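One structure is given below, encoded as structure tokens.
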Amino acid sequence: MDKIRLGVIAIGNQGGNYLKSAAENKLPEVDLVAVADIDERKFVRAKEFLPDVACFSTADELMASGLCDAVVIATPHYFHPPMVIAGLKAGLHVLSEKPAGVYTKQVREAIEFSKTSDKVYAIMFQQRTNSLYRKMKEIIESGKYGEIRRVSWNITEWYRPQSYYDSGSWRATWAGEGGGVMMNQCPHQLDLLQWICGMPSKVRGFCHEGKWHDIEVEDDVTIYLEYPNGATGTFITSTGDWPGANRLEVTLDGAQLLCDVDEAAKHHTLKICELSRPLSDFTKEAPGGFDKPKGNWITVEHDGRSAAHEIVLNAFAAHILRGEPLIAEGPEGINGLTIANAAFLSSWLDKTIELPIDEDLYLEKLNEKIKGSSYKKNLREQVVEDMSQSYIG
């Protein structure tokens, strides 16, 4: 075959974007042939983009139709792992939206099942296609500047007013979304953190629930990280700051990387300060008590490519058709989620968590949160009631 036949499961804002991309011919090796959504009123808009698209009221019907080679899962977070398993069971390749799931035990079940399938399991981490982050990863992995000593990410550009959370009763609830800013806004950054810098060994989280909004989940987070080599890090995020920032600093033995992103101003920079000598040597050997290594700041050249869902989906198709590399394999989705789960558990227990986390304990504590959640309505009923809203983003 020269194209993959694709189905999209759930066509809220993000699912609808795939229809738009297909209509604009941005997916040359993808034929988007089918959609599924429990709110059939969305099919009118789907037909406006792709008049011939087949519409199904359930994911099961789409998966059993025989029309598709692959599916994109764009459902609410809790449904990502079971939908991945269902798609693979149906003999379909599967691309899941972020996050991989809400809790790692459920995601691990999907990963283990994927090992029994000969179909592709991938995840939509489109931020990995951003040239700034790709270049940072390349520089760090080259080893030219030695090991990481410290990482700090301040990602507070997620401001949301109360009306955002009031737009659907499922929003910002433990039962509806499984968390707040870490589960909804930050899965990409948590993935990038581990993709660029590696996984930490210890996590201490401070997750403030309803600090800036009338919600039950976290809207302000500070995470302290420790790495196996002794490096440390911080990850700070919030939906209560404005204008906020998106600034990632990585200090290496022989250099410091600084990535500053201002989407509103279209200002994206990546700089590096190359030190005259590695810090580990200079610290031991400098004769003067106030001596400092010389450093030279330079702007790092990169290809300028921005993150795009189409890149991930096109790579997904190319992998199925010709074995070309994926942007992110599905099992990689558990890593950033592990950091989020560890931060939650640390905050709830008021102690440092060593990785790997106790997945059964995390699920026990999450279920306690769900039991006390304000969101009680059957999710299917609520999706239809809030049919104009999206569960994504």
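The table that follows gives values for the structure above.
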| quantity | calculated |
| --- | --- |
| Of ASN25, PHE235, PRO278, farthest towards positive along the dipole that unit charges on Lys, Arg, Asp, Glu beta carbons give the chain | PRO278 |
| Full-stretch length increase - ARG322, THR58 - with 0.36 nm per residue and alpha-carbon distance subtracted | 92.0 nm |
| Ellipsoid semi-axes in whole angstrom, largest first, where each is sqrt(5λ) of the Cα gyration tensor of the chain | 37, 25, 19 |
| Label-point gap, in nm, between ASP350 and SER374 - each point 7 angstrom along Cα→Cβ | 2.5 nm |
| Using alpha-carbon coordinates, inclination of helix 13-23 to the longest axis of the chain, degrees | 80 degrees |
| Surface accessible to a 1.4 Å probe, per residue, for the residues of the range 118-235, Å² | 35 Å² |
| Antiparallel DSSP beta bridges within the chain, percent to nearest 5 | 60 percent |
| Cα gyration tensor shape of the range 238-343, rounded if a/c is under 1.5, else prolate or oblate by comparing a/b with b/c | prolate |
| MRE, 222 nm, helices only [DSSP H, n ≥ 4, -39500 (n - 2.57), over the chain, to nearest 500] | -10000 deg cm²/dmol |
| Nearest 10 degrees, 0 to 90: helix 187-197 Cα axis against the chain principal axis | 40 degrees |
| Carbon/sulfur fraction of accessible area - the chain, other protein chains in place, 1.4 Å, % | 49 percent |
| Label point at ILE298 placed 7 Å out along Cα→Cβ; residues across the range 234-278 whose backbone nitrogen lies under 11 Å | 272-275 |
| Relative contact order of the chain, defined on C-alpha pairs under 8 angstrom at six or more residues apart (%) | 21 percent |
| Alpha-carbon gyration tensor eigenvalues x 5, square-rooted, for the range 1-79, Å | 17, 14, 12 |
| Cα pair distances of the range 82-156 binned at 5 Å [whole percent] | 3, 13, 17, 16, 13, 13, 14, 8, 2, 0 |
| Cβ charges +1 (Lys, Arg) and -1 (Asp, Glu), total dipole of the chain, debye | 420 debye |
| Residue-span extension gain [GLU48 to GLU109] - 0.36 nm each, minus C-alpha spacing | 18.2 nm |
| Efficiency of FRET between SER163 and ASP281 - r from beta-carbon atoms, R0 45 angstrom, step 0.05 | 0.25 |
| Long-range HN-HN contacts of LYS26 with modeled amide H, under 5 Å | none |
| Accessible area in the full protein assembly, largest first, 1.4 Å probe, for TRP297, TRP170 | TRP297, TRP170 |
| Cα extents of the range 1-151 along the three principal axes, largest first (Å) | 54, 35, 31 |
| In degrees, nearest ten, helix 309-322 long axis to first principal axis of the chain (Cα) | 70 degrees |
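The values are calculated or read from the model by the stated rules, or taken from the named source; none is laboratory data. None of the values given here were measured: they were computed from a predicted structure. Neighbour counts run over all protein chains shown; Cβ positions are idealised from the backbone, glycine included. Accessible surface is based on the protein model in full, side chains and every heavy atom, while ligands, DNA and RNA are left aside. Shrake-Rupley method; radii C 1.70, N 1.55, O 1.52, S 1.80 Å.
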